């Protein structure tokens, strides 16, 4: 659910017309709805947070937002105020999370390529745990922790070899991908970790992919991991945390073709399997919190017709939103001011000097005139965070809408910004 809707013929973000934002702040422009962000993070907190007053047997859960989805400081600060933790994959993301007020005790550090400097930084900040992905990484963490005079809290990221039924680029739970340790090797891995002087085993982690629209893969993966936990307990290894990862999808298309489950339904399926085991559950939502809480506004610059195609050329390119070019991802694109013109099949393309620079291909939509604004829906996750300065294009601005109030949360990039740091 989100709070971007037409009122009459004008598209609004909460109580603010998007055309006003486009004219006031320029385009391309990322716009976020505070009300949507709050609704989504609270849905996770209510589903997975636990409530002893209801007689929940498991400890309170931790909802750790995946910073890779959107790392704007204002958004992170808002989520921190709701009690969210952080799922990070770099030292830079750790810096951002701490700066936004997310407590280190709710930060989990995943990713296959942690450097020694990043490990030291995380140890000094006393994060909750490292999610370890390989033998050599475990050895490095043990060595670095010893040099720092600390014990490193770790969980093993287990690869349960479950097909998440999603795009290959965002699928992580099969053996052929780089993430985690094969589940059949996990027990041996834990035995090795137990012998290391500077390692404290506290959990197990699994994450099978992103944009999942069915519960079955989550449940299949959890059942495999719980079988591993039984073996660990039998071997004398007691765990405190079960990190279920994230990956719940959102609806990018209108209609019934995409209908991902809500956090409550996911929790209802998974938590009974965990109940009574004394484990604190961690979940790592990203897209499902931020995705439909943000849109990208763009202006039509020109129209072009060839013998085989019609093009709508806009001022937002693959440097601003790379998902369509990278994944072939689908985003709804709708007019900021509704019109009754006949629909045409067009490619919506940007100004980048690449044939792969498009926001949509062969899309039927009402005819667009030069100067009119379009809204790309579902752009709040992996939009700005994956943007670049390719073709020496400055980054777009970002604003947050709160009812009828608007706040600039990132200034538009400048040409001077493009050369900052160059010698």
task: Scan the range 200-214 and report the pairs whose first residue is crowded, with 21+ Cβ neighbours inside 10 Å and whose second residue is modelled with pLDDT under 90 and in a strand (DSSP E or B), with Cβ atoms within less than 6 Å and a gap of 6+ or a chain change.
output: 209/171
message: Can you find a residue that is under 27 Å from residue 140 (Cα atoms) and surrounded by fewer than 21 Cβ atoms within 10 Å (Cβ to Cβ) anywhere in the range 16-30?
response: no
- prompt: Do any strands (runs of 3 or more DSSP E) entirely within the range 340-422 hold 2 or more residues that are outside the structural domain of residue 11 (by TED's automatic domain parsing), and if so, which?
  reply: none
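Residue-by-condition table, conditions (1) touching a strand residue (DSSP E or B) at 6+ places or on another chain (Cβ under 6 Å); (2) at pLDDT below 90; (3) crowded, with 22+ Cβ neighbours inside 10 Å; (4) outside the structural domain of residue 382 (by TED's automatic domain parsing):
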| residue | (1), (2), (3), (4) |
| --- | --- |
| 196 | no, no, no, yes |
| 221 | no, no, yes, yes |
| 243 | yes, no, yes, yes |
| 253 | no, yes, no, yes |
| 256 | no, yes, no, yes |
message: Against the condition in contact with a strand residue (DSSP E or B) (Cβ under 9 Å, 6 or more places away or on another chain), outside the structural domain of residue 376 (by TED's automatic domain parsing) and either within 24 Å of residue 328 (Cβ to Cβ) or at pLDDT below 90 (or both), how does residue 203 come out, does it pass?
response: no
field: So residue 421, is it over 25 Å from residue 12 (Cβ atoms), touching a helix residue (DSSP H, G or I) at 6+ places or on another chain (Cβ under 8 Å) and without any contact (Cβ under 8 Å) to a residue 60 or more places away in the chain
entry: no
- request: Kindly list the number of the only condition in (1) over 25 Å from residue 36 (Cα atoms); (2) surrounded by fewer than 16 Cβ atoms within 10 Å (Cβ to Cβ) that fails for residue 407.
  value: (1)
- prompt: Of the residues 261, 272, 324, 285, which single one is modelled with pLDDT under 95 and touching a strand residue (DSSP E or B) at 6+ places or on another chain (Cβ under 8 Å)?
  reply: 261
query: Is it the case that residue 273 is surrounded by 18 or more Cβ atoms within 10 Å (Cβ to Cβ) and touching a helix residue (DSSP H, G or I) at 6+ places or on another chain (Cβ under 8 Å)?
result: no
message: Going by what's in this entry, would residue 180 be described as at pLDDT 95 or above, farther than 30 Å from residue 294 by Cα, crowded, with 19+ Cβ neighbours inside 10 Å and out of contact with any helix residue (DSSP H, G or I) (no Cβ under 6 Å at 6 or more places or on another chain)?
response: no
field: Residue list for the range 44-82, filter: at pLDDT below 95 and assigned to a loop (DSSP other than H, G, I, E, B)
entry: 49, 50, 51, 55, 56, 57, 58, 59, 60, 61
task: Look at residue 372 and say whether it is surrounded by 14 or more Cβ atoms within 10 Å (Cβ to Cβ) and under 20 Å from residue 5 (Cα atoms).
output: yes
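The values are calculated or read from the model by the stated rules, or taken from the named source; none is laboratory data. Model, not experiment: these values are computed from the prediction. In this analysis, Cβ positions are derived from the backbone assuming ideal geometry, glycine residues included, and neighbour counts consider all displayed protein chains.
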